[in-house]
Amino acid sequence: RIIDIKGHFTIESLMLEMENSKFIVSRATLYNTIDLLLEAQLIRRHSIDGMPTQYELANTPPHTHLICTVCGKLKEVRDNNFIMFMNTRKYTAFTSRYFSLYVYGTCSTCARKRKRKQLNKKR
């Protein structure tokens, strides 16, 4: 069940989870159902550079996505100061429903690997 999924999911991960639960559904039915859930505003779509399209429940609290440009790891963090700032923003002729922030950089694991490689080259 989609409602039981914590965090982001892809069509592929959802399909695999359903197959593992012995619930067989066609890929077309899954895509059509995702479209209906998006239209009903029950889930949100995330299109993140270089990654398969991901989805999450629409009632997920606001958060920031930290995305490693080396390994693709995605981490969600809550930044209460940013959330407060965004909640005070008013836009002319626009009513916001939710927001999402993507921050691209290098995760600590990849940074350590890069540093080790550089140290090994100097030896």
Select one label from (i) 10, 32, 30, 18, 8, 2, 0; (ii) 13, 40, 26, 10, 7, 3, 0; (iii) 14, 39, 32, 13, 1: the one whose number is P(r) over Cα pairs in 10 Å bins from 0, in percent as derived from the coordinates shown.
-> (i)
Answer in debye to the nearest 20: the dipole magnitude of segment 31-88 about its Cα centre, from +1 Lys/Arg and -1 Asp/Glu charges placed on Cβ, is 160 debye
Could you list which residues have their amide H under 5 Å from that of A58, counting only those 5 or more apart in sequence or on another chain, with H placed in the peptide plane?
-> I43, R44
Estimate the FRET efficiency between Y31 and K75 by the formula 1/(1 + (r/R0)^6), using the beta-carbon distance for r and 41 Å for R0, to the nearest 0.05.
-> 0.90
Specify the inter-centroid distance of segment 90-123 and segment 25-55, based on alpha-carbon positions, in whole Å.
-> 24 Å
On average, how much accessible surface per residue is there in the chain, in Å², for a 1.4 Å probe, leaving out ligands, DNA and RNA?
-> 76 Å²
Count of Lys pairs (Cα-Cα under 15 Å; at least 8 positions apart or interchain) in the chain | 4
When the Karplus curve 6.51 cos²θ - 1.76 cosθ + 1.60 is applied with θ = phi - 60°, which whole-Hz ³J(HN,Hα) does each residue of segment 54-59 get, with x for Gly and Pro?
-> 10, 10, 8, 5, 5, 8
Carbon plus sulfur, as percent of the 1.4 Å-probe accessible area of the chain, comes to 54 percent
Residue list for segment 69-89, given a label point 7 angstrom along the Cα-to-Cβ vector of R114 and an amide N cut-off under 14 Å = 69-73
Starting at the first residue of segment 90-96, write each ³J(HN,Hα) from the Karplus equation 6.51 cos²θ - 1.76 cosθ + 1.60 with θ = phi - 60°, in whole Hz, x for Gly and Pro.
-> 10, 10, 5, 6, 8, 10, 7
Derived scalar couplings ³J(HN,Hα) [segment 64-73; Karplus, 6.51 cos²θ - 1.76 cosθ + 1.60; whole Hz; x for Gly, Pro] = 9, 9, 9, 10, 7, 7, 8, 9, x, 4
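The values are calculated or read from the model by the stated rules, or taken from the named source; none is laboratory data. Computed from a prediction, not measured in an experiment: that's the story for all the values here. For neighbour counting, all protein chains shown are included, and Cβ atoms are generated from backbone atoms with ideal geometry for every residue, glycine included. Protein only, heavy atoms only, side chains kept; ligands, DNA and RNA dropped before computing areas. Shrake-Rupley method; radii C 1.70, N 1.55, O 1.52, S 1.80 Å.
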